[in-house]
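As structure tokens, the structure follows; a few thoughts come after it.
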Amino acid sequence: MKNLAQVVTIAGIDSSGGAGANADLKTFQNQMVYAASIITGLTAQNTYGVQAILPTSAHFIAEQFNSVFDDLDIKAAKTGALFDLATAQAVITGLEKNSVKNLVVDPVMVAKGGAKLLADEAINLIKDNLFPLAELITPNLTEAAVLLGQEIETDADMVEALHLLQAMGATNVLIKGGHGKGNIISDALLTKDGQVIYYKAPRIDTKRTHGTGDTLSAYIAAGLAKGKSLEVIMPTAKEFMNRAIGDGIKIGHGHGPLNHWVNG
Ligand SMILES: Nc1ncnc2c1ncn2[C@@H]1O[C@H](COP(=O)(O)OP(=O)(O)OP(=O)(O)O)[C@@H](O)[C@H]1O
Ligand SMILES: Cc1ncc(CO)c(N)n1
């Protein structure tokens, strides 16, 4: 019998299939890990933006945690959109109760079209109580700036931001550079031993970037579930992202989704 690493995404559903838990599940499948899902909310969404949001109740989040962790042998997890204070608190409680290891926290705040996927009042909660549970947090440049209350423009700003975010309690920090300017995108990782590693790649000229952040953090969670280190996972994660963004599929009329069929 095949023994697959088991992973859970704790994220919202995107009705058009490109982002959130949908992107995570496709990435997990690509990476040959078994995928469970704890759904934090539903979105009526397409490649133009988010039209409506229905967060999951705190009670139903707890039920999903019990169902998954009473049975499965979860080796890694990732969190995506947490929507409101009650949902975020219920997720934190579930993670603590089950001592979830290898947790990747993607502090999703705003969707590409501008819709809010995290209430302002939940930001302090995730900083104080979710980040300390994380093996890795993966804010994009905009999210890092909001979390810190300061702009990130220069390389020095980036390094300072990495250290300030790590001081909030996450073991490792990755700031994603997709929202930056210029033809080269630079992601920066601060490891637990204080090393800063840059991952630079040419910006692919496309508007089909719906679900890039979700896909990257799911790929990393899959690698952690297989027992790999971040230093080993990251270069292959970036190659996967380049293929999944570069080898486009024609879906929708706005910011289209990635190609999760490319080689892992
Ligand atoms: N046009 C692009 N070309 C190449 N790589 C890209 C492009 N856009 C994003 N990436 C890469 O995709 C990953 C996700 O980065 P990004 O900054 O877009 O995250 P995000 O804003 O969280 O995504 P999302 O929009 O899904 O929330 C990073 O590794 C980034 O470098
Ligand atoms: C449900 C959901 N989660 C995350 C994102 C960010 O990509 C999104 N657009 N929708």
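Of the residues in the stretch 39-58, how many are open to solvent by 40 Å² or more (accessible area, probe 1.4 Å) and hydroxyl-bearing (Ser, Thr, Tyr)?
In the first step, residues of the stretch 39-58 are kept if they are open to solvent by 40 Å² or more (accessible area, probe 1.4 Å); the result is 42, 44, 46, 48, 51-55, 57-58.
Now narrow it down to the ones that are hydroxyl-bearing (Ser, Thr, Tyr): 48, 57.
Here the count works out to 2.
Do we find a residue being at pLDDT 95 or above, among the charged types (D, E, K, R) and touching a Leu at 6+ places or on another chain (Cβ under 8 Å) anywhere in the stretch 170-193?
The answer is yes, given that some residue of the stretch 170-193 is at pLDDT 95 or above, among the charged types (D, E, K, R) and touching a Leu at 6+ places or on another chain (Cβ under 8 Å).
Please tell me if ILE152 is touching a residue at least 12 places away in the same chain (Cβ under 8 Å), among the β-branched types (Val, Ile, Thr) and either more than 16 Å from ligand 1 (Cβ to nearest atom) or touching a Phe, Trp or Tyr at 6+ places or on another chain (Cβ under 9 Å) (or both).
On the way: touching a residue at least 12 places away in the same chain (Cβ under 8 Å): yes; among the β-branched types (Val, Ile, Thr): yes; either more than 16 Å from ligand 1 (Cβ to nearest atom) or touching a Phe, Trp or Tyr at 6+ places or on another chain (Cβ under 9 Å) (or both): no.
Taking the combined requirement at face value, the residue does not satisfy it.
Can you pull out the residues in the stretch 12-23 that are touching a strand residue (DSSP E or B) at 6+ places or on another chain (Cβ under 6 Å) and under 25 Å from GLN89 (Cβ atoms)?
Residues of the stretch 12-23 touching a strand residue (DSSP E or B) at 6+ places or on another chain (Cβ under 6 Å): 12-16, 18-22.
Of everything in the stretch 12-23, those that are touching a strand residue (DSSP E or B) at 6+ places or on another chain (Cβ under 6 Å) and under 25 Å from GLN89 (Cβ atoms) turn out to be GLY12, ILE13, ASP14, ALA19, GLY20, ALA21, ASN22.
Output the residue which, of all residues in the stretch 1-48 that are among the hydrophobic types (A, V, I, L, M, F, W, C), assigned to a loop (DSSP other than H, G, I, E, B) and farther than 22 Å from THR209 by Cα, is nearest to ligand 1 (Cβ to nearest atom).
Within the stretch 1-48, the subset among the hydrophobic types (A, V, I, L, M, F, W, C) is 1, 4-5, 7-8, 10-11, 13, 19, 21, 23, 25, 28, 32-33, 35-36, 38-39, 42, 44.
Next, from what is left, pick out any that are assigned to a loop (DSSP other than H, G, I, E, B): 1, 4-5, 19, 32-33.
Restricting the remaining residues to those that are farther than 22 Å from THR209 by Cα gives 1, 4-5, 32-33.
Details: MET1: 35, LEU4: 25, ALA5: 22, MET32: 21, VAL33: 19 Å.
If we take residues in the stretch 1-48 being among the hydrophobic types (A, V, I, L, M, F, W, C), assigned to a loop (DSSP other than H, G, I, E, B) and farther than 22 Å from THR209 by Cα, then VAL33 is nearest to ligand 1 (Cβ to nearest atom).
Restricting attention to the stretch 96-118, which residues are more than 16 Å from the chain's Cα centre (by Cα) and either among the polar types (S, T, N, Q) or within 14 Å of ligand 2 (Cβ to nearest atom) (or both)?
ASN98, SER99, GLY113, GLY114, ALA115, listed by residue number.
Across the stretch 241-259, what is the number of residues that are of a type in the set (Lys, Arg) and within 12 Å of ligand 1 (Cβ to nearest atom)? Step through it out loud before you land on a result.
To start, the set of residues in the stretch 241-259 that are of a type in the set (Lys, Arg) comprises 243, 250.
Those left that are additionally within 12 Å of ligand 1 (Cβ to nearest atom): 243.
Going through the stretch 241-259 one residue at a time, the tally reaches 1.
Yes/no per residue for (1) open to solvent by 10 Å² or more (accessible area, probe 1.4 Å); (2) modelled with pLDDT under 95; (3) aliphatic (A, V, I, L, M):
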{"position": "ALA90", "(1), (2), (3)": "yes, no, yes"}
{"position": "SER99", "(1), (2), (3)": "yes, no, no"}
{"position": "ALA111", "(1), (2), (3)": "yes, yes, yes"}
{"position": "ALA122", "(1), (2), (3)": "no, no, yes"}
{"position": "LEU130", "(1), (2), (3)": "no, no, yes"}
{"position": "ALA134", "(1), (2), (3)": "no, no, yes"}
{"position": "ALA144", "(1), (2), (3)": "no, no, yes"}
{"position": "THR154", "(1), (2), (3)": "yes, yes, no"}
{"position": "LEU162", "(1), (2), (3)": "no, no, yes"}
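Taking the conditions exactly as written (more than 7 Å from ligand 1 (Cβ to nearest atom), within 24 Å of GLN29 (Cβ to Cβ) and surrounded by fewer than 23 Cβ atoms within 10 Å (Cβ to Cβ)), does GLY194 satisfy them or not?
no
Any residue that is within 9 Å of ligand 1 (Cβ to nearest atom), surrounded by 14 or more Cβ atoms within 10 Å (Cβ to Cβ) and aliphatic (A, V, I, L, M) - is there at least one of those in the stretch 167-179?
yes
The values are calculated or read from the model by the stated rules, or taken from the named source; none is laboratory data. This is a predicted model, so every value here is computed, not measured. Positions of Cβ are backbone-derived with ideal geometry, glycine not excepted, and every protein chain shown enters the neighbour counts. Only protein heavy atoms, including side chains, enter the accessible area calculation; ligands, DNA and RNA are left aside. Shrake-Rupley method; radii C 1.70, N 1.55, O 1.52, S 1.80 Å.
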